[in-house]
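This report concerns only the one structure given below.
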Amino acid sequence: MLLSPESARRLPDPTEPGPGGLADVPPDWPAVWEALLAVRHGRPTTALAFQPDTGWRLAQPVDARCQALFDLYRPLLDARSRAHETPWVVAQMGQSLDGFVATATGDSYYVNGAHSLVHLHRLRALCDAVLVGAGTVAIDNPQLTTRRVSGPHPVRVLLDPEARLDGQARALHDGQAPTLWVCDARHAESARARWRSAAAPGAAATAEVVPVPGLLGDGGACELPRALQALAARGLRVLFVEGGGVTVSRFFAAGLLQRLHLSVAPVLVGEGRRGLRVPPHAVMADCPRPPARMVVLGDDVLWDLDLAAGAAGG
């Protein structure tokens, strides 16, 4: 359940007044952000240097806060400079101290603060595509754009193996960015029919239903590697899995995430929609403990988990 307009107006406005960050970011951050975008677009930049063995680095010293922000986004740049058979995948999840993304009524505005929201938009801008599950689309109807930072909108991917969506999601019709409605090939025609019936007469088509053979396995589970292969075939190399909790957790359990950004807010929910869920282990020594860095984003603490290094060292 979304907040009423009256309730929403009482919440803080998480605006983003400057390019690539909030007003209290270091003064040298806007130039660094523009350099990140240059690499994103394949343009030359003198602010960054690349070495095949170590990846991208800043060409000139910056203050510690700006360096920490650059290090947070550098893996996305390095991923563009290396060959991958399937997309390189980063996921982000914002949750409470006790592990919830929303209350029991579905209210999620706002679990995290303004800085974490801007971070979310930065990830969108630096990735080729942003992916959300059908449940998130049905509940939140997100725009999935980069309106809070300078940078391009990503391709929007709605992962809906059974084609459960009604075809009316605004991402399918607002024309702000290309949108792919990914479903099992057996449900593609019904998805197209619903999408077309919901489209305004004469509207330019910026969305497409993408049929993926075998996306639904024999037991009804989503075969995520098949979805990634379909996106790779379209040249989408750096993928951002934004939500919801079920989708991010499934990517994690399948071992398909190279990086996970877990943003923890100083709030206690008590009961509600769970955030990250991982496969259980009986022995603490068997529990994943990937290399991690901590970055403070306003009142939130973001854990940058290197899952690829954790798997390699596991």
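The values are calculated or read from the model by the stated rules, or taken from the named source; none is laboratory data. Treat the numbers as computed from the prediction; the structure is a model and nothing was measured. Neighbour counts run over all protein chains shown; Cβ positions are idealised from the backbone, glycine included.
Here is how the numbers come out for the structure above:
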{"quantity": "Those residues of region 167-198 which are closer than 18 Å to V155 by Cα, part of a strand (DSSP E or B) and out of contact with any Lys or Arg (no Cβ under 6 Å at 6 or more places or on another chain), in sequence order", "calculated": "L180, W181, V182, C183"}
{"quantity": "Region 146-169 - residue that is basic (K, R) and at pLDDT 95 or above and, of those, surrounded by the most Cβ atoms within 10 Å (Cβ to Cβ)", "calculated": "R156"}
{"quantity": "Failed item, numbered, when W88 is tested on (1) modelled with pLDDT of 95 or more; (2) more than 17 Å from the chain's Cα centre (by Cα)", "calculated": "(2)"}
{"quantity": "In region 170-203, residue farthest from the chain's Cα centre (by Cα) [restricted to those that are among the aliphatic types (A, V, I, L, M), surrounded by 18 or more Cβ atoms within 10 Å (Cβ to Cβ) and more than 19 Å from R226 (Cα to Cα)]", "calculated": "L172"}
{"quantity": "Test for Y109: is it of a type in the set (S, T, Y) and surrounded by fewer than 22 Cβ atoms within 10 Å (Cβ to Cβ)", "calculated": "yes"}
{"quantity": "Residue within region 275-284 that is of a type in the set (A, V, I, L, M), loosely packed, with under 14 Cβ neighbours inside 10 Å and over 28 Å from D98 (Cα atoms) present", "calculated": "no"}
{"quantity": "Residue ID - nearest to A31 (Cα to Cα), chosen from residues in region 58-78 that are crowded, with 22+ Cβ neighbours inside 10 Å and within 16 Å of the chain's Cα centre (by Cα)", "calculated": "Y73"}
{"quantity": "Qualifying residues in region 199-211 (those that are under 27 Å from L123 (Cα atoms) and in a loop (DSSP other than H, G, I, E, B)) - the one modelled with the highest pLDDT", "calculated": "T206"}
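A quick yes/no check of all residues on (1) in contact (Cβ under 8 Å) with a residue 40 or more places away in the chain; (2) out of contact with any helix residue (DSSP H, G or I) (no Cβ under 8 Å at 6 or more places or on another chain); (3) outside the structural domain of P213 (by TED's automatic domain parsing); (4) part of a helix (DSSP H, G or I):
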{"position": "G235", "(1), (2), (3), (4)": "yes, yes, no, no"}
{"position": "V241", "(1), (2), (3), (4)": "yes, no, no, no"}
{"position": "S249", "(1), (2), (3), (4)": "no, yes, no, yes"}
{"position": "L260", "(1), (2), (3), (4)": "yes, no, no, no"}
